[in-house]
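Data block below; observations after.
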Amino acid sequence: MGISAIASMGSAAALDYPTRPVRWVVGYPAGGATDILARLIGQRLSEKLGQQFVIENKPGAGNNIGTEAVINAEPDGYTVLLVNPANYINASLYTNLKFNFIRDIAPVASFTRVPNVMTVAPSVPAKTVAEFIAYVKANPGKVNMASSGNGTSVHLSGEMFMAMSDTKMQHVPYRGAAPAITDMLGGQVQVIFDNMPSIIQHIRAGSLRALAVTTTARSPQLPDVPTVADTVPGYEASALFGMGAPKKTPPEIIEKLNREINAVLAEPEMKKRLIELGGEPLIGPPDAFGAAIAAETEKWEKVVKASGAKVE
């Protein structure tokens, strides 16, 4: 069989794709920001492509169990991954990974970039980032920084802040954002750099106070809240989400998925929902998402090294 015949077979498969349900692996339990995003986009892809995108939650090992399941799956377009900040961070955080994320995953499409929010408990007198830095320096060893777990973007956003503002806080890791926020409300911990979807209701209710967002631009969700970079130049930390597939997935299938995802992201209702979750649609080709993955991996590697965080 000639090369052109094989190529046209690949195109034919892409033309019909998908002819059966697609398994979409999410490396977290149901209900979190990552899972919500997959279900939101998966629902529309199911409707547009006529086959179910079935969300499969495979939590464990800081997202690595789900990632490995996709990397080792048949590269036929019927197993895909919800790519999230853990994928970029784990590349340098874990010392014994059985895969290299950048090498082993084919980028399909980016979805959105969501800021973290630097949020303080009511007991903290600081009303601005500059006042908070002064407060930490005036109270050595007394300020506790909560996170949703060791090595998460929430933890490392805080580590990056400490390194760039020359401050020292005590890191207190929790098993997820919910218990961390409970202790923030109770005053046991003083600050958290949490993902916007899980903390914004507490900020809106006035029970916690947002000092800054971690992206380079202000968020439409919190328009009156400045950026950390306004006070700490060069600071940027955000959660970049998208879809990945096993490395050798046919390019025609990747292109088709990319095209359909971009069409979904352009829908007014989807844009509205993504803005409610704190981000905006991030429409682009697979290679632009690949470049963003590489840039995130490099950025977080520096933070992991500076913080000394590691997981065996």
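Got a sec? Charge dipole of the chain, +1 on Cβ for Lys and Arg, -1 for Asp and Glu; which of Gly176, Leu257, Gln52 is way out at the positive end?
So the residue we want is Gly176.
7 Å from Cα along Cα→Cβ at both Thr95 and Ala295: what's the point-to-point distance in nm?
Each label point is offset 7 Å from its Cα along the Cβ direction, giving 3.2 nm.
Taking every DSSP beta bridge that has both residues in segment 63-205, what percent is antiparallel when rounded to the nearest 5?
Rounded to the nearest five, the antiparallel share is 45 percent.
What's the carbon and sulfur percent of the chain's accessible surface, probe 1.4 angstrom, rounded to a whole number?
After summing per-atom areas, the C and S share lands at 55 percent.
Between Arg218 and Glu47, what FRET efficiency follows from the Cβ-Cβ distance if R0 is 30 Å, with the result rounded to 0.05?
Result of the calculation: an efficiency of 0.35.
Under 22 Å Cα-Cα from Lys272, which lysines qualify once same-chain neighbours fewer than 8 residues away are excluded?
Lys48
So if we plug the beta-carbon distance of Ala30 and Ala138 into 1/(1 + (r/R0)^6) with R0 = 51 Å, what FRET efficiency do we get, rounded to 0.05?
With a Förster radius of 51 Å, E is 0.75.
Relative contact order (percent) for segment 147-273, with alpha-carbon contacts under 8 angstrom and 6 or more residues of separation?
Contact order relative to length: 19 percent.
Assuming R0 = 45 Å, can you tell me the calculated FRET efficiency for the pair Gln170 and Val54, based on Cβ-Cβ distance, to the nearest 0.05?
0.60
Let me cross-check Phe53: its accessible surface, 1.4 Å probe, with only protein heavy atoms counted, in Å² to the nearest 10?
10 Å²
Need the full-extension length gain, Thr182 to Asn72, defined as separation in residues times 0.36 nm minus the C-alpha distance. One decimal, nm.
Once the chain is fully extended between Thr182 and Asn72, it gains 35.8 nm.
Could you give the dipole magnitude of segment 93-161 about its Cα centre, charging the beta-carbon of Lys and Arg +1 and that of Asp and Glu -1, in debye to the nearest 20?
Result for segment 93-161 is approximately 20 debye, rounded to the nearest 20.
Give the accessible area for Leu97 in Å² (nearest 10); use a 1.4 Å probe, count only protein heavy atoms, and leave out ligands, DNA and RNA.
The accessible area comes out at roughly 50 Å².
How many angstrom lie between the Cα centre of segment 175-226 and the Cα centre of segment 14-80?
Taking the Cα centre of segment 14-80 as reference, the centre of segment 175-226 is 29 Å away.
Taking θ = phi - 60°, what integer Hz values does the Karplus form 6.51 cos²θ - 1.76 cosθ + 1.60 yield along segment 50-56, in sequence order, with x for Gly and Pro?
Residue by residue, segment 50-56 yields x, 9, 5, 9, 8, 6, 10 Hz.
Report the charge-dipole magnitude of the chain in Debye, nearest 20, computed about the Cα centre from +1 at each Lys and Arg Cβ and -1 at each Asp and Glu Cβ.
Magnitude of the dipole: close to 420 debye.
Can you tell me the relative contact order of the chain? Whole percent, Cα pairs under 8 Å, sequence separation 6 or more.
Reported as a whole number, the value is 26 percent.
Ordered by packing density, taken as the mean number of other Cβ atoms within 10 Å over each peptide's residues, highest first, how do 266-273, 192-199 rank?
Ranking the peptides 266-273, 192-199 by packing returns 192-199, 266-273.
With both bridge residues required to lie in the chain, what share of the DSSP beta bridges run antiparallel, to the nearest 5%?
About 60 percent, rounded to the nearest 5.
What figure in square angstrom, to the nearest 10, would you give for the accessible area of Arg259 with a 1.4 Å probe?
Its heavy atoms expose roughly 140 Å² to the probe.
Mind ranking Met184, Met164 by accessible surface for me, highest first, 1.4 Å probe?
Output order, biggest surface exposure first: Met164, Met184.
So, by mean Cβ neighbours within 10 angstrom, what's the order for 77-83, 280-286 with the highest one leading?
Highest mean packing first, the order is 77-83, 280-286.
For segment 54-103, calculate the relative contact order in percent as a whole number, restricting contacts to Cα pairs under 8 Å that are 6 or more residues apart.
About 31 percent, as a whole number.
Quick check on my link table: of Lys127/Lys305; Lys58/Lys168; Lys98/Lys302, which ones sit more than 26 Å apart, alpha carbon to alpha carbon?
Lys127/Lys305; Lys58/Lys168
Calculate, for segment 1-143, the solvent-accessible area per residue in square angstrom, rolling a 1.4 angstrom probe over the heavy atoms of the protein chains.
Here the residues of segment 1-143 average 43 Å² of exposed surface.
Give the residue from Thr67, Leu82, Thr214 lying farthest towards the positive end of the charge dipole for the chain; charges sit on Cβ (+1 for Lys and Arg, -1 for Asp and Glu) and the dipole is referred to the Cα centre.
Of Thr67, Leu82, Thr214, it is Thr214.
Among the aspartates and glutamates, select those whose C-alpha is under 12 Å from the C-alpha of Lys310, and discard any that sit fewer than 8 residues away in the same chain.
Counting by Cα, and skipping residues close in sequence, Lys310 has these aspartates and glutamates nearby: Glu301.
The values are calculated or read from the model by the stated rules, or taken from the named source; none is laboratory data. The model shown is predicted, which means the values in this text are computed figures rather than measured ones. Ideal geometry is used to build each Cβ from the backbone, glycine not excepted, and the neighbour counts take in all protein chains shown. Surface accessibility is based on the protein's heavy atoms, side chains included, excluding ligands, DNA and RNA. Shrake-Rupley method; radii C 1.70, N 1.55, O 1.52, S 1.80 Å.
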